[in-house]
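These notes concern the structure reproduced below.
The values are calculated or read from the model by the stated rules, or taken from the named source; none is laboratory data. Predicted model, so just to flag it, every value in this text is computed and none were measured. Cβ placement follows ideal geometry from the backbone for every residue including glycine, while neighbour counts extend to all protein chains displayed. Protein only, heavy atoms only, side chains kept; ligands, DNA and RNA dropped before computing areas. Shrake-Rupley method; radii C 1.70, N 1.55, O 1.52, S 1.80 Å.
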Amino acid sequence: MADVTIHRGLKEIYLDRTKSSYIDGKNGKLYYRGFNINELANNSTFEEVSYLLIHGELPSKSELAEITKWMADAREIPSGIITLIDSIKHLHPMDVLRTIISALAAFDNNLADESMDANIERGLSITAKAPSIVAAHVRLRNGDKYIPPNPNLSHAANFMYMLYGREPDLMDAKLIDKDLILHAEHGLNASSFTARVVASTQSDMYSALTAGIAALKGPAHGGAAEGVMKQAQEIGDESNTAEYVNNLLSSGGRIMGFGHRVYKTADPRALILKVDAKNLSERKGNPKWFTILQSLAVCMEPYEKKGICENVDFWTGAIYNLLEIPDDIFVSIFALARIPGWTAQVAEQLNNNILIRPLLDYVGELDKPYVAIEERK
Ligand code: ACO
């Protein structure tokens, strides 16, 4: 055993410097490219935030119009992709999204171009197409027809349109837009780290984004929103919450949507979405999920002093549920929101690349005798 310091889970290790986002975990603040997340959530659009993350600055009026149109035009997915989605529609939506993002490389006529411009364009094109993929999957597995994108709708509204087959209520669409903004970027989380590792080997954008999706799928990362709603459904009524929490925690379980590697106080995104979840449940006349989640949050208050607070995924499940979005695409929505963040970080990695290759301290045996197969039991 070498005399080395082990940083399990790479906790508190700085890998590099970034200008993409800043998380002040002690004070519960989040900035994209220097802009406070509250300002962006209240005033911006997902298209504008995608531009900001990828180009580093807010767009001018004409640049915003240009990127909005470009993304709207890039939403359509090839018919070969629709056939492929149909053939794997029995899979979990994240498995479908992961497979299809990888398969999109086959439809890229410019695949050999590994320039920064080409990679950024790929990231934006995949950002534009990801909602079409998720919506197409939901419709095909339900036996419904694929609905082509509507270029006159915003990115968020078009996603809902392709999902439901009807134009969404404007307030509902704005809420999804805000939710996408809040999920767009978040420092060196597990999926961004994974995307950077892949990029660092000088692999390609499709591989980096596919790997990011694979890392996001797990319940310790993006899969928590689905877990939150599962727990809320198991609780069933706020009168059961205290007993549920006690039983789960005393048996070593975890409350989904609580805790974060970086925030040791309230996650600012959760604070924003809590207000929206409350307003939405009032607007829809369905307070059930908000009430159960609120009671869960109250039961978890004693854990705040240990730094275990609500994270971004705690309220999103209730919002999606109230918007009649199926539970198993919650994490896919997180993924389609995070693509600009991954793209920005892959670009940052490639701009100053170094192979990411940490070490493992070997603690096994050495020089063991090799026994021929005939002589083994
Ligand atoms: N419920 C109960 N206890 C918790 C929770 C929770 N959700 N989260 C952390 N803890 C406790 C742990 O049991 C541990 O206690 P101990 O020190 O007494 O053993 C302590 O807090 C520290 O937990 P770690 O797992 O070491 O903290 P880590 O930073 O590695 O974990 C994580 C962060 C994985 C997010 C964790 O809080 C968790 O599993 N949360 C539930 C899943 C979840 O909501 N994931 C979404 C994360 S946010 C995102 O990706 C968008």
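Going by the structure shown, is TYR320 part of a loop (DSSP other than H, G, I, E, B) and either open to solvent by less than 30 Å² (accessible area, probe 1.4 Å) or more than 13 Å from the ligand (Cβ to nearest atom) (or both)? It is false that TYR320 is part of a loop (DSSP other than H, G, I, E, B) and either open to solvent by less than 30 Å² (accessible area, probe 1.4 Å) or more than 13 Å from the ligand (Cβ to nearest atom) (or both). Scanning segment 287-309 for residues that are of a type in the set (Gly, Ala, Ser) and more than 14 Å from the ligand (Cβ to nearest atom) returns a single hit, SER295.
The criterion of at least 3 residues that are hydroxyl-bearing (Ser, Thr, Tyr) is met, among helices (runs of 4 or more DSSP H) falling completely within segment 166-235, by 190-200, 205-216. Flag not set for VAL298, criterion: of a type in the set (A, V, I, L, M, F, W, C), assigned to a helix (DSSP H, G or I), open to solvent by 30 Å² or more (accessible area, probe 1.4 Å) and closer than 20 Å to ILE325 by Cβ. The single residue among LEU355, LEU366, LEU350, LEU336 that is in contact with a Ser or Thr (Cβ under 8 Å, 6 or more places away or on another chain) and either open to solvent by less than 80 Å² (accessible area, probe 1.4 Å) or more than 21 Å from THR194 (Cβ to Cβ) (or both) turns out to be LEU336. Would segment 310-317 turn up any residue that is over 30 Å from ALA157 (Cβ atoms), within 13 Å of the ligand (Cβ to nearest atom), aromatic (Phe, Trp, Tyr) and not assigned by TED's automatic domain parsing to the domain that holds TYR22? The answer is no, given that none of the residues of segment 310-317 is over 30 Å from ALA157 (Cβ atoms), within 13 Å of the ligand (Cβ to nearest atom), aromatic (Phe, Trp, Tyr) and not assigned by TED's automatic domain parsing to the domain that holds TYR22.
Among the residues of segment 121-141, is any of a type in the set (S, T, N, Q) and not in a helix (DSSP H, G or I)? No: zero hits. The residue list SER207, SER132 contains one member that is polar (S, T, N, Q), open to solvent by 10 Å² or more (accessible area, probe 1.4 Å) and assigned by TED's automatic domain parsing to the domain that holds HIS92, which is SER207.
Of the residues ALA220, ALA214, the single one that is modelled with pLDDT of 95 or more and either open to solvent by 50 Å² or more (accessible area, probe 1.4 Å) or out of contact with any strand residue (DSSP E or B) (no Cβ under 7 Å at 6 or more places or on another chain) (or both) is ALA214. Of all residues in segment 7-18, those satisfying the criterion of being assigned to a loop (DSSP other than H, G, I, E, B), open to solvent by less than 100 Å² (accessible area, probe 1.4 Å) and either within 16 Å of the ligand (Cβ to nearest atom) or under 22 Å from VAL363 (Cβ atoms) (or both) are HIS7, ILE13.
Every residue, every condition in (1) in contact (Cβ under 8 Å) with a residue 60 or more places away in the chain; (2) buried (at least 18 other Cβ atoms within 10 Å of the Cβ); (3) assigned by TED's automatic domain parsing to the domain that holds LEU336, yes or no:
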site: GLU48; (1), (2), (3): no, yes, yes
site: GLU57; (1), (2), (3): no, no, yes
site: MET71; (1), (2), (3): yes, yes, yes
site: GLU76; (1), (2), (3): yes, no, yes
site: ASP86; (1), (2), (3): no, no, yes
site: MET94; (1), (2), (3): yes, yes, yes
site: LEU104; (1), (2), (3): yes, yes, yes
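For (1) more than 12 Å from the ligand (Cβ to nearest atom); (2) surrounded by fewer than 16 Cβ atoms within 10 Å (Cβ to Cβ); (3) of a type outside the set (Gly, Ala, Ser), each residue gets a yes or a no:
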| residue | (1), (2), (3) |
| --- | --- |
| GLU226 | no, no, yes |
| ALA232 | yes, no, no |
| SER239 | yes, yes, no |
| VAL245 | no, no, yes |
| GLY252 | no, yes, no |
| ARG261 | no, no, yes |
| ALA277 | yes, no, no |
